[in-house]
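What follows is a short report on a single structure.
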Amino acid sequence: QPLKTLAQVTALAGALASFSVLAEPVEIKFSHVVAENTPKGQMALKFKALVEERLPGEYQVSVFPNSQLFGDNNELAALLLNDVQLVAPSLSKFERYTKKLQLFDLPFLFKDMAAVDKFQQSEAGQKLLNSMKRKGVVGLGYLHNGMKQFSANEPLLLPKDASGKKFRVMASDVLAAQFAAVDATAVKKPFSEVFTLLQTRAIDGQENTWSNIYSKKFFEVQSHITESNHGVLDYMVVTSNTFWKSLPGDKRKIIKEALDEAIAYGNKIAGDKNDQDRQLIIDSKRSLVVELTPEQRQAWVDAMKPVWAKFEDQIGKDVIDAAVAANQ
Ligand code: LMR
């Protein structure tokens, strides 16, 4: 039956327009600061694939890596404005929202990633996911990167080798105190600026995981990397209470399951990724990877561990004890 009247045509056009509005998928923006070829980068892409496979046409995930959309200085503020719906800052970057997560920055707290994982899955660890609820930030899960290493333009074998040098740190008072403990200067800078700061020698060194040192080419502008494994760099995947509550219950459940699976995937590849990138750095011969003797490592422990006491009140002794117990 051909359409006859203008009224019929207008009605049909109206129906199509409202249908297309209804059919527009909801966009979930996931912004992060690292390269795609990292545990976090891969986890974000896995989440996108799972959501779009399970809620086709209804939800769409846009991933923005490399501080393209938001960087360290504004991603949490953007989350609370609902300009982005998911971010996964390192646990060192939540200081303005809670002091509890400073726990993870305490130097030489965890003996390895298995201990980190054990603590995160424990009751005390899971409780910390809720530590920013009153600020409107909802913790959805922990994501691993790995242990941090020191890098500089000279070999750092003993704490005195760091003395007088300038190191970039994430925006964390614990990390600043960690470097102050070895008479070094810490400068808090966003991740996106680290390469240039190192290249121009505005700073002498930094601390990071193998996958970040490799993917952001820090090893090309640092002559030595000390395999110190002195601290952990992990993430909390967070959303805003506003966005999370706006999701229909059944969709939220599917999205949370997709996220849990993506996190499990990211956690599974994180160890291998760091091992591979460590080897690629060694093979490149651009930077020398320095191993510490047990005595040398102990000297760093002795110099840096007193930092714990300064933050014990803010973090809570019970939480620190629970983390230490995860080393057993
Ligand atoms: C850093 O700023 O060094 C890291 O937190 C970057 C990241 O997200 O892994």
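Restricting to region 281-295, give me the number of residues that are open to solvent by less than 30 Å² (accessible area, probe 1.4 Å), outside any helix (DSSP H, G or I) and touching a helix residue (DSSP H, G or I) at 6+ places or on another chain (Cβ under 9 Å).
Qualifying residue count, region 281-295: 1.
May I ask you to verify whether residue 63 is away from the ligand (no atom under 13 Å from the Cβ), surrounded by 22 or more Cβ atoms within 10 Å (Cβ to Cβ) and at negative phi?
No.
Can you pull out the residues in region 271-292 that are in contact with a Ser or Thr (Cβ under 7 Å, 6 or more places away or on another chain) and closer than 12 Å to residue 220 by Cα?
Passing the criteria: 281, 287, 288.
Kindly establish whether residue 88 is surrounded by fewer than 20 Cβ atoms within 10 Å (Cβ to Cβ) and either closer than 26 Å to residue 261 by Cβ or among the small types (Gly, Ala, Ser) (or both).
So residue 88 does not fit the description; no.
Between a first residue in region 76-97 that is on the phi > 0 side of the Ramachandran plot and a second residue that is open to solvent by less than 10 Å² (accessible area, probe 1.4 Å), which pairs have beta carbons less than 8 Å apart while being 6 or more apart in sequence or on different chains?
82/240
Can you list residue pairs whose Cβ atoms sit under 6 Å apart, with the first residue in region 224-236 being open to solvent by 10 Å² or more (accessible area, probe 1.4 Å) and the second being within 14 Å of the ligand (Cβ to nearest atom) and at pLDDT 95 or above? Count only pairs 6 or more apart in sequence or on different chains.
227/149; 229/147
Out of curiosity, is residue 33 open to solvent by less than 10 Å² (accessible area, probe 1.4 Å), out of contact with any strand residue (DSSP E or B) (no Cβ under 7 Å at 6 or more places or on another chain) and part of a loop (DSSP other than H, G, I, E, B)?
Yes, satisfied.
Identify, please: which residue in region 154-172 is outside any loop (DSSP other than H, G, I, E, B) and either under 18 Å from residue 227 (Cβ atoms) or open to solvent by 60 Å² or more (accessible area, probe 1.4 Å) (or both) and is, among those, nearest to the ligand (Cβ to nearest atom)?
So, considering only residues that are outside any loop (DSSP other than H, G, I, E, B) and either under 18 Å from residue 227 (Cβ atoms) or open to solvent by 60 Å² or more (accessible area, probe 1.4 Å) (or both), the one nearest to the ligand (Cβ to nearest atom) is 167.
Which residue, of 268, 273, is modelled with pLDDT of 95 or more and either more than 23 Å from residue 92 (Cβ to Cβ) or open to solvent by 30 Å² or more (accessible area, probe 1.4 Å) (or both)?
Within the list 268, 273, the selection yields 268.
For region 197-218, give me each residue that is more than 14 Å from the ligand (Cβ to nearest atom) and at negative phi.
Answer for region 197-218, where residues must be more than 14 Å from the ligand (Cβ to nearest atom) and at negative phi: 199, 200, 202, 204.
Open to solvent by 40 Å² or more (accessible area, probe 1.4 Å), among the hydroxyl-bearing types (Ser, Thr, Tyr) and part of a strand (DSSP E or B) - does that describe any residue in region 195-217?
So far as region 195-217 goes, no, none of its residues is open to solvent by 40 Å² or more (accessible area, probe 1.4 Å), among the hydroxyl-bearing types (Ser, Thr, Tyr) and part of a strand (DSSP E or B).
Just for region 103-138: of the residues that are assigned to a helix (DSSP H, G or I) and surrounded by 21 or more Cβ atoms within 10 Å (Cβ to Cβ), which one is farthest from the chain's Cα centre (by Cα)?
For region 103-138, the residue satisfying everything is 119.
Looking only at region 139-146, decide whether some residue is open to solvent by 20 Å² or more (accessible area, probe 1.4 Å) and modelled with pLDDT of 95 or more.
So far as region 139-146 goes, no, none of its residues is open to solvent by 20 Å² or more (accessible area, probe 1.4 Å) and modelled with pLDDT of 95 or more.
Report, by residue number, each residue of region 173-194 that is within 13 Å of the ligand (Cβ to nearest atom), open to solvent by 60 Å² or more (accessible area, probe 1.4 Å) and either in a helix (DSSP H, G or I) or among the aliphatic types (A, V, I, L, M) (or both).
The answer is 192, 193.
With respect to residue 265, is the statement that it is within 20 Å of the chain's Cα centre (by Cα) and part of a strand (DSSP E or B) true?
no
Answer yes if at least one residue in region 245-254 is open to solvent by less than 60 Å² (accessible area, probe 1.4 Å) and either part of a strand (DSSP E or B) or within 19 Å of residue 146 (Cα to Cα) (or both), and no otherwise.
no
Determine which member of the set 69, 106, 79, 86 is more than 26 Å from residue 253 (Cβ to Cβ), away from the ligand (no atom under 13 Å from the Cβ) and either hydroxyl-bearing (Ser, Thr, Tyr) or touching a Ser or Thr at 6+ places or on another chain (Cβ under 7 Å) (or both).
When all the criteria are applied, what remains is 69.
Restricting to region 296-328, name every residue that is under 14 Å from residue 230 (Cα atoms), assigned to a helix (DSSP H, G or I) and not β-branched (Val, Ile, Thr).
296, 297, 298, 299, 300, 302, 303, 304, 308
The values are calculated or read from the model by the stated rules, or taken from the named source; none is laboratory data. This is a predicted model, so every value here is computed, not measured. Reconstructed Cβ throughout: ideal geometry from the backbone, glycine too, with neighbour counts over all protein chains shown. Accessible surface is based on the protein model in full, side chains and every heavy atom, while ligands, DNA and RNA are left aside. Shrake-Rupley method; radii C 1.70, N 1.55, O 1.52, S 1.80 Å.
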